[in-house]
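Written below as C-alpha cells is the structure these notes are about.
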Amino acid sequence: MDLSIIVPVYNEEESLEPLTHEIRSVLGPSGKSYEVIIVDDGSTDGTYVVLCRLRKTEPGIKVLRFKRNFGQTAAIAAGLAYAQGEIIVALDGDGQNDPEDIPALLEKLDEGFDLVNGWRSPRRDPFWSRQLPSLIANGVISWMTRVQLHDYGCTLKAIRREVAKELKLYGEMHRFIPAMAYERGARIAEIKVHHRPRQSGQSKYGIARTFRVILDLLTVKFLLSYATRPLHVFGLVGLISGGVGFLLGGYLTIQKIVYQYEIGGRPLLLLAVLLIFIGFQFITMGLLGEMLARTYHESQNKPIYVIKEILDGGTPG
Ligand code: UDP
Ligand code: MG
C-alpha cells in the first residue's frame, strides 16, 4: 500500500460524498495504491449512513466508527494506528482542505523530508474568532517548540509511516504532531495549501480551544525538553528558591543572635520560611519525576534516543 488517507469526521454528512469524489479524482489517475480511512468520531447525524453507502460505491474506503465522540485527536490516532500505507496523509472531513494538494505534499516529501505540513494560505475562516487566535498560537508554539511552521492547526499533512507509527497522541495534541516528530529526529517541511470556506455543517470548535492548546503546549514542551531529566527543571527552581530562603534566614539569624533584634514579626521571616519550604518541595518533586521517567521508559523498553541506522560489518576473521 502506497498511501493511507485519514479523515476524522464528526457530523459532516453533507461534505463526505464530494470529498471522497475529489480524493478519487486526484489519486485514481496517479497509479498509486491507496486507502481512505474515514474515522466517524461518534457522529449523531446521518454521517454513518452516508459512509455505509460510500463504502459500496467508492474504492478503497474503510470506516472506523467510534462508540462516542472522542475528539479529533483520538480520531487521527485511530486512523494512524489502522493505516497500512507507506505514507500517511491526514485531511479534514469538512472539505476545507483540498485533496488537490496531496500530490504537492508527496512531491515535497520525496525531496527528503519525513513530514510535510500544510499551511492554509489564504485562510478562509472568520478573522477575529479564528485567524487571530490561531496567529498568536502559531507564534507561541513555533517559539516554544523551535519548529518553525506557520500553521500548526492545519490537519492536511503527509507523514512517513515509520514516523507516524511512533506518535503518541493525547488531549488535543494532533496539532503538535510536527513538534513531536521533530523531537524524534524527523525532517520537517511545509508548503502552502488551499483552504476553502466551510460549505456545510458547523465548526466543532470555539474560542475555548485556545486555552486547551496552550495547556497542551505546556505538556508537549515539558515532555519534549525535560521528560528524561525532570530534576533539571524542578531542581533548578528548588535550588534558587531554597538558596534565597536560606540566605534570608541566615541574615535574620545574625540579626537575632549578634544584634539581638526582634525578628518574630518581620515579613522577611515569613518569606524565608516560604522559600525554603518551596525549595524542598520542588527538589522532591523533581526526584519523584526522575523515578517516574525511569518507570516510563523502562516499563515499555523505550530508549531515550532514536537510531537512524547501524553500520556494523560484523567481526573480522
Ligand atoms: N472533528 C472530529 N471530532 C471532533 C471535532 C472535529 O473528528 O470532536 C473533525 C471534523 O469533523 C472535521 C475536522 O475534525 O473534519 C476539523 O474540525 P472543524 O472543521 O470543526 O475545525 P476547524 O476547521 O473549524 O478548525
Ligand atoms: Mg474545518
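Since every read-out is calculated from the coordinates, none of them should be taken as a lab result. Just so it is clear, the model here is predicted, and its values are computed rather than measured. Every residue, glycine among them, receives a Cβ derived from its backbone with ideal geometry; neighbour counts consider all protein chains shown.
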Check your understanding: What is the mean projected area of the alpha carbon convex hull for segment 147-268, to one decimal in square nanometres?
Key -> 13.0 nm²
Practice item. Using only the Cα atoms of segment 164-233, build the gyration tensor, take square roots of its eigenvalues as a ≥ b ≥ c, and label the shape rounded, prolate or oblate: rounded if a/c is under 1.5, else prolate if a/b is larger than b/c, else oblate. Key: oblate
Check your understanding: Which residue, chosen from ALA272, GLY206, GLY314, occupies the Cα position most advanced towards the positive end of the dipole of segment 194-317, where the dipole is computed from +1 (Lys, Arg) and -1 (Asp, Glu) charges on Cβ about the Cα centre?
Key -> GLY206
Check your understanding: What does the charge dipole of the chain about its Cα centre add up to, to the nearest 20 debye, if the Cβ of each Lys and Arg holds +1 and the Cβ of each Asp and Glu holds -1?
Key -> 780 debye
Point to revise | Leading residue at positive end of dipole, the chain (Cβ point charges), from VAL89, CYS154, ASN69 | key: ASN69
Check your understanding: GNM on the chain, C-alpha springs below 10 Å: top fluctuator among ASP114, ASP125, ASP40?
Key -> ASP125
Check your understanding: Just THR47, THR284, THR219 to compare: in a GNM of the chain, with alpha carbon springs under 10 Å, which one fluctuates most?
Key -> THR284
Review point. At a Förster radius of 51 Å, what calculated FRET efficiency corresponds to the Cβ-Cβ distance of VAL237 and GLU309, to the nearest 0.05?
Key: 0.85
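Looking at the square roots a ≥ b ≥ c of the eigenvalues of the Cα gyration tensor of segment 1-155, which shape do they give, rounded for a/c under 1.5, prolate if a/b is larger than b/c, or oblate?
Judged from the Cα gyration tensor, segment 1-155 comes out oblate (a/c at least 1.5, b/c at or above a/b).
Any idea what the alpha-carbon Rg over 2.2 N^0.38 Å comes to for segment 134-203? Intermediate results must be reported in sequence, preceding the final value.
Working: Rg = 13.1 Å, N = 70, 2.2 N^0.38 = 11.1 Å.
Scaled against compact globular proteins, the figure is 1.18.
As a test, work out the antiparallel percent of DSSP beta bridges whose residues both lie in segment 109-219, rounded to the nearest 5. Mind showing how you got there, number by number?
Values: 3 of 9 bridges.
Percent antiparallel among DSSP bridges in segment 109-219 is about 35.
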Practice item. Starting with the fewest neighbours, write out TRP119, TRP128 ranked by other beta-carbon atoms found within 10 Å of each beta-carbon. Key: TRP128, TRP119
Practice item. Please report how far the C-alpha centroid of segment 143-178 lies from that of segment 235-304, rounded to the nearest whole angstrom. Key: 37 Å
Practice item. Determine the equivalent ellipsoid of the chain by diagonalising the alpha-carbon gyration tensor, then write out the semi-axes as square roots of 5 times the eigenvalues, largest first, rounded to whole Å. Key: 48, 25, 17
Review point. Percent antiparallel among DSSP beta bridges with both residues in the chain, to the nearest 5?
Key: 25 percent
Point to revise | Magnitude of the charge dipole, segment 224-314, Cβ model with Lys/Arg +1 and Asp/Glu -1, debye to 20 | key: 220 debye
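For ILE136 and ILE254, what does the FRET efficiency come to when R0 = 41 Å and r is the distance between their Cβ atoms, rounded to the nearest 0.05?
0.25
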